[in-house]
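Single-structure report; data block below.
The values are calculated or read from the model by the stated rules, or taken from the named source; none is laboratory data. For clarity, every value in this text was computed on a predicted model and none was experimentally measured. Cβ atoms come from the backbone with ideal geometry, glycine included; neighbour counts cover every protein chain shown. Just so you know, the surface numbers come from the protein's heavy atoms only, side chains and all, with ligands and any DNA or RNA stripped out. Shrake-Rupley method; radii C 1.70, N 1.55, O 1.52, S 1.80 Å.
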Amino acid sequence: MILNIYTLIHVVISLVGIFSGFVVLSGMLAAKRLDGWTSLFLATTVLTSVTGFLFPVHRVLPSHIVGVISLAVLAVAIYARYSRRLAGAWRKTYVFTVVMALYLNVFVAIVQSFLKIPALNELAPTQTEPPFKVTQLIVLVIFVALAVVAAIRFRNAPVEPRANLSNPLS
């Protein structure tokens with residue numbers, strides 16, 4: 001019972017992360033920062049990975065490896081956004097890491113869909129069959145294209161000014 005509730009919470013956090021990630025991505029494609037959505041995306045995507053590690057398993061699974069990669073990518077995205085304030089090359093770094101973090105969430109969602117949805121599981125029960133591989137390849141190509149376009153368009157978004165430490169109201 002508790003594991004079912006925990007799983008539901010994990011899935012809801014994941015879906016909020018994916019939804020907010022697509023909002024952030026659409027903002028980048030329109031050269032808009034969308035600060036609130038970005039905070040939501042980064043927080044829920046970090047939580048998705050962290051909560052994924054807390055499931056009771058006795059060995060390292062592919063999902064753990066994806067979680068570690070995701071947390072590393074998110075650390076760079078958070079640093080680029082909040083510490084470096086998207087200055088210079090950090091802007092493109094931010095775009096690519098945000099898109100990669102979103103892609104990893106979607107990648108895992110596809111894996112889980114093929115595991116849990118009977119019609120998809122029937123098409124690719126071991127996830128080595130062509131329907132699974134083609135789906136993942138198409139999604140990867142779409143994300144690469146979106147990342148390139150977002151990096152081009154988001155470079156025109158305004159840079160956040162550095163905080164004036166002598167004036168806390170600035």
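Are any of the residues in the stretch 86-98 of a type outside the set (A, V, I, L, M, F, W, C), over 16 Å from H10 (Cβ atoms), open to solvent by 60 Å² or more (accessible area, probe 1.4 Å) and out of contact with any helix residue (DSSP H, G or I) (no Cβ under 8 Å at 6 or more places or on another chain)? The answer is yes; a qualifying residue exists. Based on what the data block shows, is L61 within 18 Å of A109 (Cα to Cα) and exposed (fewer than 14 other Cβ atoms within 10 Å of the Cβ)? Against the criterion (within 18 Å of A109 (Cα to Cα) and exposed (fewer than 14 other Cβ atoms within 10 Å of the Cβ)), L61 qualifies.
Restricting attention to the stretch 1-50 and to residues that are assigned to a loop (DSSP other than H, G, I, E, B) and open to solvent by 40 Å² or more (accessible area, probe 1.4 Å), the residue that is farthest from F154 (Cα to Cα) turns out to be M1. Test Y82 against the stated conditions and say whether it is open to solvent by less than 60 Å² (accessible area, probe 1.4 Å) and of a type in the set (F, W, Y). No: the conditions fail for Y82.
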